[in-house]
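Here is the structure we will look at.
Any read-out appearing in this document is the output of simple, stated calculations on the displayed coordinates, not a laboratory observation. From a predicted model like this one, the values you see are computed outputs, not experimental measurements. Reconstructed Cβ throughout: ideal geometry from the backbone, glycine too, with neighbour counts over all protein chains shown.
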Amino acid sequence: MGKIFHLVSLKHLLLVSIALNVSLILRVINISEKKILHSSSALVSKNNLHLSSSSSLTSFANARIEAQDGEERVINLDHGDPTMYEKYWQQEGDKTTIVIPGWQSLSYFSDVSNICWFLEPEFAKEVVRLHKVVGNAIAENRHIVVGTGSTQLFQAALYALSPQDALEPISVVSAAPYYSSYPSITDCLKSGLYKWAGDAHSFKKEGPYIELVTSPNNPDGFVRQSVVNRSEGILVHDLAYYWPQYTSISFPADHDLMLFTVSKSTGHAGMRIGWAIVKDTEVAKKMTKYIELNTIGVSKDSQLRAAKVLKVVSNSCESSSSEGENFFEFSHNQLATRWELLRLAVQKSGQFSVPEFAPQFCTFLSRDFKPQPAFAWLKCEQEEVNDCESFLRSKKMLTRSGKHFGFSPKYVRISMLDRDQNYNLFVERLSNIISS
Ligand SMILES: Cc1ncc(COP(=O)(O)O)c(C=O)c1O
Ligand SMILES: *[C@@H]1O[C@H](CO)[C@@H](O)[C@H](O)[C@H]1NC(C)=O
């Protein structure tokens, strides 16, 4: 395509980055170097590895770790792996450390008086407290169902909301671009209860349906509302990103069924803990039943660890000096820097665009700011580039094509939550893609 692309050495990358924006980049590099010096040797060696994948780039199984071999590094920003948050948690040291003695967590049961009998009371308490502290959802006097990530709760919700005696599966829709896992999870077992029916904008079928409302949305970061708006619609609100590091908190959400996860709120994706806030008792019972059939509950060890993490986050918001730095202020600032760098790189390159957002008042941070999503929804603006994912792959940057989100392949989704080292290399490489 007539583009001259040099395999540049790290030295060159640094020089170009300094030209791009001296103060910002230096600040970030300084911080990341300091952090790397202070972090464990295990992490340093992990940072020197890189992820690369072969043909299909959308499956976790395809992400292989390979040692660096002198060649230009492959930068993998395909998954939303939230390793950006390591920095905060390293800084906080032992505050979230818990010890679980060998005699603990033997029983299947956590609280037999609760509809969700495998819900650890300590975890439920910290969920309610955190939502109150942040003001992003009403969790008091609601049912809470814990899940192995919000992914399991999404499936539990489909099971619970589908009519059990219908002649055909209920349609499941979401407005494109939608989270790429919704179609594959919905249809993986070819359920007789529910069936993926695609983009909510073009959904015309009569009768009941389930609409997934993701707000802020993955992949594009916009705040959303339902779009089909018919009386027979059942809504599931996936609020994984409704936290003040990503978007302004404008009111406490109070929908019938809301999904949250530690993966995107605190960055602990590996803990595999999510929670649903549910109004209807029968729905909460059925979701609990699904998880009972699927995994007979949810790891108690993970719930106890999640409770501790949420508690430390709430403490960091409530008091100032003694309890460490406010978690949301810290991660909000990390993302603000990253979005600033991305917009500079897009501007310098002139070959791409990213969404523009309007500022909104945040009741939690008490100021106006623009959304700074966990993903960048990048468009290849070059007329000759129809497949943005392939174009970036040829420059050793792995992203996820818009086609997986029910959208145009001129777009890709890029994770904004990787480690500094990877992210900085990415923006530098992007800024160097210039028109021939
Ligand atoms: C909108 C949305 N919902 C759910 C999930 C999955 O979260 P979990 O790790 O809790 O299963 C993701 C992860 O990327 C997501 O983007
Ligand atoms: C559907 O309802 C939402 C929420 O009430 C509203 O914001 C939106 O404009 C409606 N959409 C359409 C297409 O009518």
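Just a few scattered comments:
- Hz values of 3J(HN,Hα) by residue in segment 79-93 - Karplus curve (6.51, -1.76, 1.60), Gly and Pro given as x: 8, x, 6, x, 6, 3, 6, 3, 4, 4, 6, 5, 4, 7, x
- Ascending count of other beta-carbon atoms within 10 Å, so fewest first, for Cys116, Cys317: Cys317, Cys116
- Exceedance of the 24 Å cut-off in Cα-Cα distance is limited, within the set Lys125/Lys195; Lys205/Lys410; Lys125/Lys289; Lys87/Lys311; Lys195/Lys289; Lys264/Lys300, to Lys125/Lys195; Lys205/Lys410.
- Remark on Asn218: its backbone amide H falls under 5 Å from those of Tyr179, a criterion applied only to residues 5 or more positions apart or on other chains, H modelled at 1.01 Å from N.
- In this simple spin-label model, placing a label point 7 Å from the Cα along the Cα-to-Cβ direction at both Ser181 and Glu340 gives a separation of 3.2 nm.
- Whole-Hz Karplus values for segment 223-236 come out as 6, 10, 10, 4, 10, 6, 6, 10, 5, 8, x, 10, 9, 10 Hz, taken residue by residue from phi with 6.51 cos²θ - 1.76 cosθ + 1.60 and θ = phi - 60°; glycine and proline positions read x.
- Sparsely packed loop sites in segment 331-434 (the GluC sites (Glu not before Pro) outside DSSP H, G, I, E and B with at most 16 other Cβ atoms within 10 Å) comprise Glu356, Glu381, Glu383, Glu384.
- In range of the label at Trp89: residues from segment 233-273 whose backbone nitrogen is under 16 Å from the point 7 Å along Cα→Cβ: 261-273
- Projected label distance in nm at Thr281 and Gln360, using a 7 Å step from Cα toward the beta-carbon: 3.4 nm
- Between Lys190 and Glu318, the contour length at 0.36 nm per residue exceeds the alpha carbon distance by 41.4 nm.
- Packing-based exposure ordering (other Cβ within 10 Å, fewest first) of Trp243, Trp89, Trp103, Trp275: Trp103, Trp89, Trp243, Trp275
- Counting beta carbons within 10 Å around each of Leu212, Leu106 and listing the fewest first gives the order Leu106, Leu212.
- Placed amide H near Thr261: partners under 5 Å, 5+ positions off or other chain: Trp275
- A simple spin-label model places the labels of Lys205 and Lys395 4.1 nm from each other, with each point 7 Å out along Cα-to-Cβ.
- Set of aspartates and glutamates with alpha-carbon distance to Lys204 below 17 Å, sequence-local pairs under 8 removed: Glu168, Glu232
- Normalised by the number of residues in segment 121-318, the average gap of Cα pairs under 8 Å and 6 or more apart makes the relative contact order 30 percent.
- Under the Karplus curve 6.51 cos²θ - 1.76 cosθ + 1.60, θ = phi - 60°, whole-Hz ³J(HN,Hα) for segment 199-214, x wherever Gly or Pro sits: 5, 4, 4, 10, 7, 10, 4, 6, x, x, 7, 10, 10, 8, 10, 9
- Beta bridges by DSSP in segment 121-318, antiparallel share as percent, to the nearest 5: 40 percent
- Computed about the Cα centre, the dipole magnitude for segment 121-318 is approximately 460 debye when only Lys and Arg (+1) and Asp and Glu (-1) carry charge, each at its Cβ.
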